[in-house]
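As structure tokens, the structure follows; a few thoughts come after it.
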Amino acid sequence: MYVAVKGGERAIDNAHAWLAEERRGDTSIAELSIEQIREQLSLAVNRVMAEGSLYDPDLAALAIKQSRGDLIEAIFLIRAYRTTLPRFGSSEPVKTEDMACDRRISATFKDAPGGQVLGPTFDYTHRLLDFKLAAESDPQADAETAKPRREPIPHIMEFLNTEGLIQTEIACEDTPPDLTREPMELPSNRALRLQSLARGDEGFVLGMAYSTQRGYARNHAFVGELRIGAVPVEMEIPELGFAIEIGEMTLTECETVNQFQGSKTEPPQFTRGYGLVFGQSERKAISVALVDRALRWKELGESDSGAAAQDEEFVLSHCDNIQATGFLEHIKLPHYVDFQSELELVRKLRREAAETYPMQEAAE
Amino acid sequence: MNKENPRQAWMSLLAKAPTHSLEDKMTAVGPEPEFKWLRHPELGGVMVQGRAGSTGGRFNIGEMTVTRCALQLASGEVGHAVVQGRSKSKARHAALVDALMQTPRANSLKAQVLDPLMTEMATSRDARAAKAAATKVDFFTMVRGED
């Protein structure tokens, strides 16, 4: 049977016009500017940059405005925009040891060289609603200051490393795989997993990480170090024959220290999980580090406990919220023809059943 | 970064400079010199890499927006720019400074544009570092009354 495939243009146009009006909300209330979103909803902006996989705070703020605050919709807009950009090249690996740290804490060493720097954190707040913020007048909150420190803050893991107590990360200059250029192939490798998790859905990665803490894949993690701050991004400019810094970005880095039994070939030592994410996104960075560690079971000679967090096919195929929402939401779009065939089929089956078991149907 | 090459240093500074700040300083410098485009300002993305465990194998974190261009002054010097963000005027200004820094006007450009930019950026970096320093934890040990 032929089902109408055209029509609805006027309804669609009108729906979009209404969407625009609803987005604006009550016009007696001042309109949000991109700058206001960028400056005052910066953690939402950071999430959209991380999962949109494009570092540009103004674009992320615009996407949040356009999507009425639906962050997955905003991430979708950023992903779509990202595909239109010509790729100029790849940067040198960022040197997080040179980070100008806003925050740097360790859960494993109280007296870590460089100190515990809390930064602008929600930790230790009482999670009570602050009604002062609801008041019209904006109290100018001035942060306290102290003598700025310029000395580099070394990575805490390096201290364990010098003693051989933790597994060494061996530098490797191989060009990493890029899942924005080539479809993901499984089994993957750590580089691909770290890219996939860095842009993965915060909620999904958090849930996976939490499952490892509750015992699905045993790798009890300590946050060896968490740092947030600005790092320069360097790139080789072929026309000039030297590298320059092409910009600066805020990153969150989490390194975990995990238990390891040792093996026939290696003495007992700690192992690592790692997460590096755009912006100030520490929940995400910690989650990535836990899931990264869980997915390394094979390389570290551990057994597969059958946990979801150890199954890279499961984790990597489902952590992308744009893929997920695309497939999920498409089922609300017209499926009239598909459904028509299902309908015909079920009617036919009922007819056949009625012919085969006429008494039973009568009994019902 | 290691700034043995002064051109690396000024190009890096220009790439990271706030767009409006660079623009203000260029306006103060006076009318733009004559130039022709070798490469019109073009928006693009650069894939940013990290290292697993901060020292291990490379991996891709995500992209950043950049704008690049190249131009040539009437006097022959070629200026390049690759700057963060999506401002074509920022790229043009950065490439102009890069070209002019290779001319006899270098000293005045340094004094009017590069040095003030560097000071401004250092001030804002220090302001953040000062706030971070105030949140550094000072532990103290409680006297527990044991012998």
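The values are calculated or read from the model by the stated rules, or taken from the named source; none is laboratory data. Because the structure is predicted, anything quoted here is derived from the model rather than measured. So basically every Cβ, Gly included, is an ideal-geometry build from the backbone, and we count neighbours across all protein chains shown. Heads up: the accessible areas ignore ligands, DNA and RNA and are worked out on the full protein's heavy atoms, side chains in. Shrake-Rupley method; radii C 1.70, N 1.55, O 1.52, S 1.80 Å.
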>> Considering only residues that are within 12 Å of chain A (Cβ to nearest Cβ), under 30 Å from A:Asp142 (Cβ atoms) and of a type in the set (Ser, Thr, Tyr), which ones fall in region B:82-133?
In response: B:Thr123, B:Ser124
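For (1) within 7 Å of another protein chain (Cβ to nearest Cβ); (2) closer than 18 Å to A:Arg47 by Cα; (3) of a type in the set (Lys, Arg); (4) in contact (Cβ under 8 Å) with a residue 12 or more places away in the chain, each residue gets a yes or a no:
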residue	(1), (2), (3), (4)
A:Val233	yes, no, no, yes
A:Phe242	yes, no, no, no
A:Glu248	yes, yes, no, yes
A:Val257	no, no, no, yes
A:Leu290	no, no, no, yes
>> Quick test of your reading of the structure: A:Arg283 fulfils all but one of (1) away from every other protein chain (no Cβ under 14 Å); (2) among the charged types (D, E, K, R); (3) free of Cβ contacts under 8 Å to residues at least 60 places away in the same chain. Name the failing condition by number.
In response: (3)
> When you scan region A:128-236 for helices (runs of 4 or more DSSP H) that lie fully inside it, which ones turn up with 1 or more residues that are of a type outside the set (Phe, Trp, Tyr) and open to solvent by 70 Å² or more (accessible area, probe 1.4 Å)?
Replying inline: A:157-162, A:202-213
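Would you confirm whether or not region A:247-257 contains a residue that is charged (D, E, K, R), in a loop (DSSP other than H, G, I, E, B) and open to solvent by 10 Å² or more (accessible area, probe 1.4 Å)?
Within region A:247-257, not a single residue is charged (D, E, K, R), in a loop (DSSP other than H, G, I, E, B) and open to solvent by 10 Å² or more (accessible area, probe 1.4 Å).
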>> Tally up the residues in region B:13-22 that are closer than 21 Å to B:Ser108 by Cβ and either of a type in the set (Gly, Ala, Ser) or surrounded by fewer than 16 Cβ atoms within 10 Å (Cβ to Cβ) (or both), please.
In response: 2
> For region A:39-67, how many residues are within 25 Å of A:Ser196 (Cα to Cα) and part of a helix (DSSP H, G or I)?
Replying inline: 19
> What are the residues in region A:80-115 that are facing chain B (nearest Cβ under 7 Å), of a type outside the set (D, E, K, R) and open to solvent by 50 Å² or more (accessible area, probe 1.4 Å), if any?
Replying inline: A:Pro86, A:Ser90
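Does A:Pro267 satisfy being at pLDDT below 95, open to solvent by 10 Å² or more (accessible area, probe 1.4 Å) and away from chain B (no Cβ under 12 Å)? Show your work before the answer.
Working: at pLDDT below 95: yes; open to solvent by 10 Å² or more (accessible area, probe 1.4 Å): yes; away from chain B (no Cβ under 12 Å): yes.
Spelling it out, A:Pro267 is indeed at pLDDT below 95, open to solvent by 10 Å² or more (accessible area, probe 1.4 Å) and away from chain B (no Cβ under 12 Å).
For region A:62-79, does any single residue satisfy the condition of being loosely packed, with under 10 Cβ neighbours inside 10 Å and within 13 Å of another protein chain (Cβ to nearest Cβ)? Reasoning before the result, please.
Residues of region A:62-79 that are loosely packed, with under 10 Cβ neighbours inside 10 Å, as a first pass: none.
The answer is no, given that none of the residues of region A:62-79 is loosely packed, with under 10 Cβ neighbours inside 10 Å and within 13 Å of another protein chain (Cβ to nearest Cβ).
Give B:Ala81, B:Ala122, B:Ala130, B:Ala91 a once-over and let me know the one that is assigned to a helix (DSSP H, G or I) and crowded, with 21+ Cβ neighbours inside 10 Å.
Numbers: B:Ala81 fails: assigned to a helix (DSSP H, G or I); B:Ala122 fails: crowded, with 21+ Cβ neighbours inside 10 Å; B:Ala130 fails: crowded, with 21+ Cβ neighbours inside 10 Å.
Just one listed residue meets the conditions, B:Ala91.
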